[in-house]
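Contents: one structure, followed by commentary.
The values are calculated or read from the model by the stated rules, or taken from the named source; none is laboratory data. Please read these numbers as outputs of a predicted model, since none were measured by experiment. Using ideal geometry, Cβ is built from the backbone for each residue, glycine included, and neighbour counts are taken over all protein chains shown. Ligands, DNA and RNA are excluded from the accessible area calculation, which covers all protein heavy atoms including side chains. Shrake-Rupley method; radii C 1.70, N 1.55, O 1.52, S 1.80 Å.
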Amino acid sequence: MRILTGIQPSGKLHWGNYFGAMKPIIDLQDKGETFVFVAQYHALTTVHDAAALRQSTLDVALDFLACGLDPAKACLFRQADVPELHELTWLLSVVTPMGLLERCHSYKDKLARGLAASHGLFAYPVLMAADILAYQSDLVPVGRDQKQHVEVTRDIAAKFNQAFGVDVFRMPEPLISETVAVIPGLDGQKMSKSYHNTIGLFEAPKEVKAKIMRIATDSTPLEEPKDPEACRVFALYKLFANAQEQEEMRQNYLRGGYGYGHAKKALFEIYQRTLAPFRERREHLASHLDEVEDILRAGGQKARAEARKTLEKARAAVGLD
């Protein structure tokens, strides 16, 4: 089984990135052949600063390795190290209906928020399809809001296979963890850099604590019982806590005499305990960047070899061999 995921280097990674994409793939790296890429080409739809892109690309790699991605088990690479993706994207685009792209939620959402309607933004799902299909992926861990892109990928792969009468591409399946399908941000919306409501994964503890204390809650008095399922502080706490810790917190809410300030303090403490070993590992990696570069270069070579195999099949199917 081959598993693939990617994250854009469009800014500092946050809790939503970790629980929505990073932790699921790290947990799966023992279950099959795992590919993880830094999606630089996708980031170019919004990032137009070369130095920022370079730094964010390195930061994503450092974050993944610090959080437990094992290069002995998983192939970590930069998207830009696989130029075969561009030819594959074109071969897929010639069978992709315009209507399919026009219906994509991500495109419509970005337009609604006033982002420029560039060709890159519109054709984003075709490049994403190439990312997934190039490595003959079986499973793609995604957030619920990204499920449509995997469905679009399946549609494009099926159209290509049917148009040219050859089963070049394997049909990927989305893998969605319902327990962490949507990570709430500070304002209750999905945690996203676009909404400016994130808590950085490796942000300074002082800044993290200040953000946690700003999380909006209702006006229920301290002494009264509270509904844990209606509280975004509890929703975030559950991401870090084990079953026993979750139940203890739940009971604190239900019996009363437990304020939101107590819950926020508990959230910060469990975050600190969880991230402590990750911070230490990241500091080590940041002082040994040659090792990180070796990992990325080796990953890129492996990924490119796999993409080349797929591209050769696609070229033969259309008559370009």
- Among the listed residues Ala216, Ala243, which satisfies the condition of being among the small types (Gly, Ala, Ser), farther than 20 Å from Leu275 by Cα and over 23 Å from the mean Cα position of the chain (by Cα)? Ala216
- Within segment 192-208, how many residues turn out to be among the aromatic types (Phe, Trp, Tyr) and either touching a His at 6+ places or on another chain (Cβ under 8 Å) or assigned to a helix (DSSP H, G or I) (or both)? 1
- Item | Out of Leu296, Leu236, Leu275, Leu285, sole residue that is open to solvent by less than 40 Å² (accessible area, probe 1.4 Å), under 30 Å from Trp90 (Cβ atoms) and either in contact with a His (Cβ under 9 Å, 6 or more places away or on another chain) or not in a loop (DSSP other than H, G, I, E, B) (or both) | Leu296
- Note on the structure: Output for Cβ contacts, cut-off 9 Å, separation at least six or different chains, first residue among the acidic types (Asp, Glu) in segment 308-321, second loosely packed, with under 14 Cβ neighbours inside 10 Å, reads Glu312/Asp321
- Task: Could you list all residues from segment 133-156 that are open to solvent by 10 Å² or more (accessible area, probe 1.4 Å), in a loop (DSSP other than H, G, I, E, B) and more than 12 Å from Ser106 (Cβ to Cβ)?
- Result: Gln136, Asp138
- Query: Is there a residue in segment 258-267 that is modelled with pLDDT under 95, over 23 Å from the mean Cα position of the chain (by Cα), open to solvent by 30 Å² or more (accessible area, probe 1.4 Å) and of a type in the set (Ser, Thr, Tyr)?
  - Reply: no
- Those residues of segment 239-261 which are assigned to a loop (DSSP other than H, G, I, E, B) and not polar (S, T, N, Q), in sequence order: Ala241, Gly256, Gly257, Tyr258, Gly259
- Note on the structure: Across segment 214-230, the tally of residues that are part of a loop (DSSP other than H, G, I, E, B) and surrounded by 13 or more Cβ atoms within 10 Å (Cβ to Cβ) stands at 5
- Which pairs have Cβ atoms under 7 Å, sit 6 or more apart or on different chains, and link a residue in segment 23-45 that is under 21 Å from Leu58 (Cβ atoms) to one that is of a type in the set (Phe, Trp, Tyr)? Phe35/Tyr135; Val36/Phe64; Phe37/Phe77; His42/Tyr124; Thr45/Tyr124
- Taking the condition assigned to a helix (DSSP H, G or I) and open to solvent by 60 Å² or more (accessible area, probe 1.4 Å), does Lys211 pass? no
- Of the residues Leu65, Leu111, which single one is out of contact with any Cys (no Cβ under 8 Å at 6 or more places or on another chain), touching a residue at least 60 places away in the same chain (Cβ under 8 Å) and part of a helix (DSSP H, G or I)? Leu65
- Task: Pull up segment 128-178, narrow it to residues that are more than 19 Å from Arg2 (Cβ to Cβ) and in contact with a His (Cβ under 8 Å, 6 or more places away or on another chain), then point me to the one that is modelled with the highest pLDDT.
- Result: Gln148
- So which of Thr57, Thr5, Thr34, Thr46 ends up being assigned to a loop (DSSP other than H, G, I, E, B), crowded, with 17+ Cβ neighbours inside 10 Å and among the β-branched types (Val, Ile, Thr)? Thr46
